[in-house]
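The values are calculated or read from the model by the stated rules, or taken from the named source; none is laboratory data. Treat the numbers as computed from the prediction; the structure is a model and nothing was measured. All Cβ positions, even for glycine, are placed from backbone atoms using ideal geometry, and neighbour counts span all protein chains on display. Please note that ligands, DNA and RNA were not included when accessible areas were found on the heavy atoms of the full protein model with its side chains. Shrake-Rupley method; radii C 1.70, N 1.55, O 1.52, S 1.80 Å.
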Amino acid sequence: MTCEQDAKTLELPWPFTGREDELELIRGSLTAGRPGIVVTGPAGRGKTRLMTEAVRGSDCARITGTPETRSLPFAAFAHLLPESVTLHRAVQLLSGVRLLLVDDAHLLDDSSAALVHQLAVHGRTRLVVVVADGHPVPGAVSRLWTGELLPRLALEPLPREETAQLLALGAGGPLEPLTVNRLYALCQGDLRLLRDLFGAVREGGLLTRATDSDEWTWRGPVPVTATVRERTAQVLAHTGPEERESLERLAFAEPLAAPLDDFDLDLLERLETEALIRVDDQGAVRLAHPLHGPA
């Protein structure tokens, strides 16, 4: 059973938690004589928050790529450059910038991407570049690491222990292990989704304190928040009536073990190709993502 609920976002961001090794690596890449670093990972992994923490207290210029301005030359640098400028002149004008944070670099317009690449080539500006996986990346940006101009850090999910610490800060006390495991499995490293889902659980009164301890527990349905729908809509929108019927059966009864006599094998192959289901070595079928069932 699930319930429809719009999550109320928390008023303040959660305190930065964990990532000590990554912080040390990034800060080390920004010391004198180092060129900077590129951090990649899926959306919601915490890349921007990590980079912001790493450059905190530094004299840092910042640009951000946006999908709406990808056709406008040097749009990301509009606040740092005059209205009309050549690439050569832009490099000259930014030669005094010692540290530049480039967020959502996969969304940069071609001119801005070329400028970031040239700044890396000239080497006078240390660059902290954030790129989301799963999106087309301008060639000038991808060559930052493929051309070995900058080292690349592929950001792993926040470990379960550090996720538990983060949730405890959001709840004002520790969560029992089963609740932590449930949230951790549902969000699969997406901290933006974790915050949204946990906020909905808390604001919906689904979080209760155990009678025999000070730990918070969650035993209710998964709130289908706006963010949950956003994360699942693109995948589930591709299904037809037969596909949806099979997905609904899995949502209520996964895993379905072999033999799968009641299923159309061609249909299962299509669902697996579309990354909607996965089949393990024993032939058991599960939904590819734990959020697909509630959605």
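Residues that are in contact with a strand residue (DSSP E or B) (Cβ under 8 Å, 6 or more places away or on another chain) and open to solvent by less than 70 Å² (accessible area, probe 1.4 Å) were ranked within the stretch 247-256; the one that is modelled with the lowest pLDDT is Leu256. Filtering the stretch 98-117 to residues that are more than 21 Å from Met51 (Cα to Cα) and either aliphatic (A, V, I, L, M) or open to solvent by 40 Å² or more (accessible area, probe 1.4 Å) (or both) leaves Asp110, Ala114. Residue count for the stretch 257-295 satisfying the condition of being open to solvent by 100 Å² or more (accessible area, probe 1.4 Å) and modelled with pLDDT of 80 or more: 3. Scanning the stretch 232-246 for residues that are surrounded by 14 or more Cβ atoms within 10 Å (Cβ to Cβ) and modelled with pLDDT of 80 or more gives Thr232, Glu243, Ser246. Taken over the stretch 221-230, the residue count meeting the criterion of being in a helix (DSSP H, G or I) and crowded, with 22+ Cβ neighbours inside 10 Å is 2. Here Leu72 fulfils each of the conditions (1) open to solvent by 30 Å² or more (accessible area, probe 1.4 Å); (2) part of a helix (DSSP H, G or I); (3) under 22 Å from Pro136 (Cα atoms); (4) free of Cβ contacts under 8 Å to residues at least 60 places away in the same chain apart from (2). Quick one: is Val85 modelled with pLDDT of 95 or more, not in a helix (DSSP H, G or I) and not basic (Lys, Arg)? The answer is no for Val85. Of the numbered conditions (1) in contact (Cβ under 8 Å) with a residue 40 or more places away in the chain; (2) open to solvent by 30 Å² or more (accessible area, probe 1.4 Å); (3) closer than 18 Å to Pro15 by Cα; (4) among the small types (Gly, Ala, Ser), Gly123 fails exactly one; give the number of that condition. Failing condition for Gly123: (3).
On the basis of being at pLDDT below 95, farther than 19 Å from Leu25 by Cα and open to solvent by less than 60 Å² (accessible area, probe 1.4 Å), does Ser95 make the cut? Considered against the rule, which asks whether it is at pLDDT below 95, farther than 19 Å from Leu25 by Cα and open to solvent by less than 60 Å² (accessible area, probe 1.4 Å), Ser95 comes out as yes. Condition first: on the phi > 0 side of the Ramachandran plot, part of a loop (DSSP other than H, G, I, E, B) and crowded, with 16+ Cβ neighbours inside 10 Å. Can you find one or more residues in the stretch 131-150 that meet it? There is no residue in the stretch 131-150 that is on the phi > 0 side of the Ramachandran plot, part of a loop (DSSP other than H, G, I, E, B) and crowded, with 16+ Cβ neighbours inside 10 Å. Which pairs do you get when a residue that is open to solvent by 20 Å² or more (accessible area, probe 1.4 Å), found in the stretch 47-60, comes within reach of a residue that is of a type in the set (Asp, Glu), reach meaning Cβ atoms under 6 angstrom, with the pair 6+ apart or on two chains? Final answer for the pair search is Thr48/Asp103. For Leu193, the test of being touching a residue at least 60 places away in the same chain (Cβ under 8 Å), farther than 30 Å from Pro35 by Cα, aliphatic (A, V, I, L, M) and open to solvent by 50 Å² or more (accessible area, probe 1.4 Å) is failed.
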